[in-house]
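S.K.: Take a look at this one; I'll ask things after.
The values are calculated or read from the model by the stated rules, or taken from the named source; none is laboratory data. In this text, all values refer to a predicted model and were calculated from it rather than measured experimentally. Note that each Cβ is placed from the backbone with ideal geometry, even for glycine, and that neighbours are counted across all protein chains shown.
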Amino acid sequence: MSGSRQKNLLLLLGALVLIAAWRYLRPSNAGGAAGNLAGPASQRPGVDEEGDGPRRARAAGAGEVKKARPGDRVSQIHIADLDHVPALGTGGRDPWRFVDPPPPPPPTPPKPRELTPAEIEAMRREAERRAEQERLAAIERAKPKPAEFNLQYIGHFGSEATKVAVFSDGKKEFIAAEGDTLDKKFIVARIGLESVEIRFVGFPDWPAKRVGIGRR
């Protein structure tokens, strides 16, 4: 704050103090005057024998300044408050502090739709069908199966009446005519021009497997 402003404030404060002192001190003198007015009418100022004293007293009172009363309130000014500089506020949002907003609440799941009797019946039938399929598959898996044919068909030789097929397991060759058994597991059922039909020992009802030249 500059010196000129402080000087003006001090002058204003001094004027307010003088006014307050004058307003508080004036009623005490007025009280003494009021006591004097309580005496005889001839001794009170502004009243004479002719009876025109009250008129002149009223005329004199009309020009007087309104006096302060004991109950009047006088505001007080503190120099320290005038020089006080308010500190920066600490409330509100700090622009240098970043806080992630809370995640939104999860959406409310929709209420499940009630199934109709027809839908319930269809679901029951589907469950029965799947259960039956699983039962049959389990029975099929439990059935014994023939060994997998693992020989390679190389070809055949001989006449049409005496065809002989040649097979190999990668280490040695096997020669068999129609009706012969290979490795006690496979039966050469038929020898064709470029393929043979193989059946399986112990599984007469099992479908025959056709094997081409160069295949297993």
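S.K.: Kindly provide the set of residues from the stretch 155-174 that are within 18 Å of Arg215 (Cβ to Cβ) and among the aliphatic types (A, V, I, L, M), ordered by number.
M.R.: Passing the criteria: Ala165, Val166.
S.K.: Also, quick follow-up: Somewhere in the stretch 172-189, is a residue surrounded by 14 or more Cβ atoms within 10 Å (Cβ to Cβ), touching a His at 6+ places or on another chain (Cβ under 7 Å) and modelled with pLDDT of 90 or more?
M.R.: No, because not a single residue in the stretch 172-189 is surrounded by 14 or more Cβ atoms within 10 Å (Cβ to Cβ), touching a His at 6+ places or on another chain (Cβ under 7 Å) and modelled with pLDDT of 90 or more.
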